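These notes concern the structure reproduced below.
The values are calculated or read from the model by the stated rules, or taken from the named source; none is laboratory data. What you see is a predicted model, and the numbers here were worked out from it, not measured in a lab. Don't worry about glycine lacking a Cβ; one is built from the backbone with ideal geometry, like all the others, and counts go over all protein chains shown. All accessible areas refer to the heavy atoms of the entire protein, side chains included, with ligands and DNA or RNA removed. Shrake-Rupley method; radii C 1.70, N 1.55, O 1.52, S 1.80 Å.
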Amino acid sequence: MTSSPALDDIRVDPSDWPRWVADTDGAQVVVGGPGTGKTEFLVRRALHLLDDRGIDPSSLLVLSFGRRGVADLRDRVRTGLQRSVSQTDVTTFHAFAARVLELRAVDRGWDQPPEVLTGPEQVAVVHSLLGEADPSHFSPAFRDVLSTSTFAAEATDFVLRCREQLLAPTALAAVCATRAEWRGLAEFVGRYDARLRASSRIDYGTLLAEAVWAVEEAPEGIVSQFTHVLVDEYQDTTPAQ
């Protein structure tokens, strides 16, 4: 396993863990193959910060994928501390983003904090909008399949990828203008966003993007509350995450 403080790769053997667990200054990336102990290293760092460094538990944010992963991290930290970790935020990216948007929904143009769509509900919205679309606005390659479930699934994935890359409307329009087969997709995404806003609903990809844009516009009160952020499985994160 290697640690990369200041972009300098340093091999970390198990015997050296205490030294590197205690090195909490600045951004660091711990890299290792499956089973090398990356999650255990993260847990020990959380314990070091909370127990040895005595930081305010509410100033530590721990992010992971999925409820199961979060539950496992929370249990391991609680067991190590032998006390509750309720003040420490151990959560998923989406749950954290939902709290951010709940605070900043009005600032982002929502009438109220939006309800998150399930995957099938999102595809259904996309399918409905494609059925209402003018085929002439799209590439000839897609005009005959706009109303199909297959194309709805592809268009839904397109929306998700745009959100993962944090493509704002103007940037998306510029990208779509460079590819003939993407004709009409930027306009469609605009109609999709308008439909969701009108019904106070949001998909998981847009939830993350909206949270990022909300923090970028006004970081006060969100960024400052955390002194340390630990991320499990960081290699699997998208740009938005």
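Quick rundown of the values:
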{"read-out": "Descending semi-axes in Å of region 175-220, equivalent ellipsoid built from Cα gyration tensor", "value": "24, 16, 8"}
{"read-out": "Whole-number percent relative contact order across region 119-178, with pairs defined as alpha carbons under 8 Å at least 6 apart", "value": "33"}
{"read-out": "Long-range Cα-Cα pairs in the chain (distance over 23 Å), rounded percent", "value": "58"}
{"read-out": "Loop sites in region 145-239: trypsin sites (Lys or Arg not before Pro), DSSP, at most 10 other Cβ within 10 Å", "value": "ARG179"}
{"read-out": "Percent carbon-and-sulfur accessible area, the chain, ignoring ligands, DNA and RNA, probe 1.4 Å", "value": "53"}
{"read-out": "Net charge over other residues, Cβ less than 13 angstrom from the Cβ of TRP110 (K, R count +1; D, E count -1)", "value": "-2"}
{"read-out": "Modelled label reach - ALA71, point 7 Å along Cα→Cβ, region 82-100 residues with backbone N closer than 14 Å", "value": "92"}
{"read-out": "Per-bin percent of Cα-Cα distances, region 73-198 [5 Å]", "value": "2, 9, 15, 18, 16, 11, 9, 7, 5, 4, 3, 1, 0"}
{"read-out": "Projected label distance in nm at THR227 and VAL31, using a 7 Å step from Cα toward the beta-carbon", "value": "3.0"}
{"read-out": "Taking the chain and dividing mean pair separation by its residue count, relative contact order in percent (alpha carbons under 8 Å, at least six apart)", "value": "24"}
